[in-house]
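This report concerns only the one structure given below.
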Amino acid sequence: MTAAFGSRRYAELTTAEIDTALSRDSILVLPTGAIEPHGPHLPLATDLIVAEAVSAAVVERGAAAGHDVWLLPALGYTKSDEHAALPGTMWLRPSTLFETIVDIGASISGTPARRLLFLNAHGGNSALIEVAARELRRRFDLQTFFTSGPGRAGPTERGLGIHAGWAETSMMLHLRPNLVQMDKAVAAVADAVADSTHVGFTKAVKFGWLSTDFAESGVIGDPTGADATIGAELFEERVGALLDALADIATFDPGRVRR
């Protein structure tokens, strides 16, 4: 089926083509980003730009390699209330985003496709999407998958390049350098979190937080050492890892214990 359609964008199909283009083995890729502050140096659409760019590359290269993969229009307005104190934030209530995802799943269930990959670039979405993915599995018999990133911390971030730091800024210098203002980039490393023994983003005890808990700018990381070459490497690593995963996603079945 992949050779019959030049475009791999779901929204460019006609209604008459849906049943021909898609099958139960088709993988629909849904980019999820955000519209929210990323310090004084990055645009509000940073997460959306990254999610769309990575997803488009995965779909284009995956289709060229013979995978039955399709790009859905991205979700830009998502769960960003942790940044709500800062100007420019656009966010949905968790219940609104959850129901939006459920409605999208219901719509997908009306097509032949049964595999959905959430390709997320905004950490604030992660927990909610994981819950929604199980909801879609239960209610619509969809095979749902979820991946999130970039998540690598830079050399000066003490493992905490959480938001608008080294990785995101490097990625944007690669993807959209015209939107990056490096002269305004300022480090805001979450030292108190790094110094805590038991409480942290990835430690034994998690905590509720707002981006302004760490710095007035909302930055959590150190973007000052960001570099476009690093951004290109991070982008290719992310795309390459997902391309490697497509074969598994296309055939994955968790299996059952048969008695």
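The values are calculated or read from the model by the stated rules, or taken from the named source; none is laboratory data. These figures come from a predicted structure and were not determined experimentally. With ideal geometry, Cβ positions are generated from the backbone for all residues, glycine too; neighbour counts draw on all protein chains shown. Accessible surface is based on the protein model in full, side chains and every heavy atom, while ligands, DNA and RNA are left aside. Shrake-Rupley method; radii C 1.70, N 1.55, O 1.52, S 1.80 Å.
Computed values, structure above
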| read-out | value |
| --- | --- |
| Cα point-scatterer Debye curve for the chain, base-10 log of I(q)/I(0) at q = 0.08, 0.10, 0.18 Å⁻¹ | -0.33, -0.52, -1.40 |
| Rg and Dmax of segment 135-221, Cα atoms only, in Å | 16.3, 50 |
| C-alpha center-to-center spacing [segment 202-259, segment 84-151] in angstrom | 15 |
| Segment 12-251 - share of DSSP beta bridges that are antiparallel (%, nearest 5) | 15 |
| Calculated [θ] (222 nm, deg cm²/dmol) that DSSP helices of n ≥ 4 give over the chain, each run adding -39,500 (n - 2.57) | -11500 deg cm²/dmol |
| Distant-in-sequence amide H partners of Ser80 (H built 1.01 Å from N, under 5 Å) | Leu92 |
| ³J(HN,Hα), Karplus 6.51/-1.76/1.60, whole Hz, each residue of segment 190-201, x for Gly, Pro | 7, 4, 4, 6, 4, 7, 6, 6, 10, 9, x, 4 |
| Distance cut-off 16 Å, percentage of C-alpha pairs in segment 143-186 lying past it | 45 |
| Packing rank of 234-247, 211-224, where each peptide gets the mean count of other beta carbons within 10 Å, highest leading | 211-224, 234-247 |
| Burial ranking of peptide ranges 192-199, 88-95, 151-158, 39-46 (average Cβ count within 10 Å, highest at the top) | 39-46, 151-158, 88-95, 192-199 |
| Whole-number accessible area per residue in Å² for the chain, which is evaluated in the context of all protein chains at 1.4 Å | 48 |
| Karplus (6.51, -1.76, 1.60) ³J(HN,Hα), θ = phi - 60°, over segment 19-25, in Hz, Gly and Pro reported as x | 5, 7, 6, 9, 9, 4, 8 |
| Heavy-atom accessible surface of segment 12-251: percent carbon and sulfur, 1.4 Å | 54 |
